[in-house]
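Enquirer: The structure that follows is given in the form of structure tokens.
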Amino acid sequence: MLPSIGRATDLWTTFQTPTAFLTEVFGSTPPAPKLLMLDAAAQAKLTAAFGRAYPQAQLRYWKADGRSAWILDDIGKVGYQLTTSGFVVKDGSIDSARVLIYRESRGEQIAEASWLKKITGAKLAGAKLDKTVDNISGATLSVKMMERMAATALILDSMAAA
């Protein structure tokens, strides 16, 4: 069974708060957040990976020591609830990934460390990841969601570096 810090409802599992994620990544004093503006050109790049325009016009991120941290939301299936995940990007690849808050009724296995390691080291190949990530039976849409968010984090990191 996966650890749970607390439940907002029977279906919501908080594995790690965004604040705890940033502390894990950067230490006890995370850097101040930066703001990335997502204009039409940025949205066009993101749509290829995210599958639709990113739902925000601006996005906070954190950057220090050659790494950037991104906290993103996505849904695995239309009509389901948002899942919040954190991604760390270093040198153009996923350095680490975490499921922070999972709000769907199935597929929470994507929060297991053994599965998240499969995303680690992934880079962009076009608008997708360059690694094949194994599916989890019963969690196909959640796996695809995490792949989308990881690719989106890589694109956002490249935009922030420009």
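Enquirer: Give the aspartates and glutamates reachable from Lys144 as a straight Cα distance under 16 Å; neighbours fewer than 8 places away on the same chain don't count.
Expert: In chain and number order, the partners are Asp73, Asp74, Glu104, Glu108, Glu112, Asp130, Asp134.
Enquirer: Per residue of the stretch 103-114, in order, report the coupling 6.51 cos²θ - 1.76 cosθ + 1.60 (Karplus, θ = phi - 60°) as ³J(HN,Hα) in whole Hz, putting x for Gly and Pro.
Expert: So the Karplus estimates, Gly and Pro as x, are 10, 10, 7, 9, x, 5, 5, 5, 7, 6, 4, 5 Hz.
Enquirer: Also, quick follow-up: Would you mind calculating the gained length between Leu82 and Ala64 on full extension (0.36 nm times residue separation, minus the Cα-Cα distance), in nm to one decimal?
Expert: 3.7 nm is the gain from fully extending Leu82 to Ala64.
Enquirer: Looking at the chain from every direction and averaging, what is the projected area of its Cα convex hull in nm²?
Expert: 9.3 nm²
Enquirer: Assuming 0.36 nm per residue, please report the length gained on full extension of the stretch Thr29 to Thr132 beyond their Cα-Cα distance. Intermediate results must be reported in sequence, preceding the final value.
Expert: Working: separation 103, 0.36 × 103 = 37.08 nm, distance 3.49 nm.
Taking Thr29 through Thr132 to full extension adds about 33.6 nm, to one decimal.
Enquirer: Could you grab the Rg to Rh ratio for the stretch 112-162? Cα atoms only, Kirkwood for Rh.
Expert: Ratio value, two decimals: 1.00.
Enquirer: Efficiency by 1/(1 + (r/R0)^6): what FRET value for Ser114 and Ala57, r their Cβ-Cβ distance, R0 = 45 Å, to the nearest 0.05?
Expert: The calculated FRET efficiency here is 0.80.
Enquirer: Could I have the simple spin-label model distance between Ser158 and Lys123, label points 7 Å from Cα toward Cβ, reported in nm to one decimal?
Expert: In this crude spin-label approximation the distance works out to 1.1 nm.
Values quoted throughout were computed directly from the atomic coordinates according to the rules given, and no laboratory measurement underlies them. Owing to the predicted nature of the structure, the values given are computational and were not obtained by experimental measurement. Note that we place each Cβ from the backbone using ideal geometry, even for glycine, and neighbour counts take in every protein chain shown.
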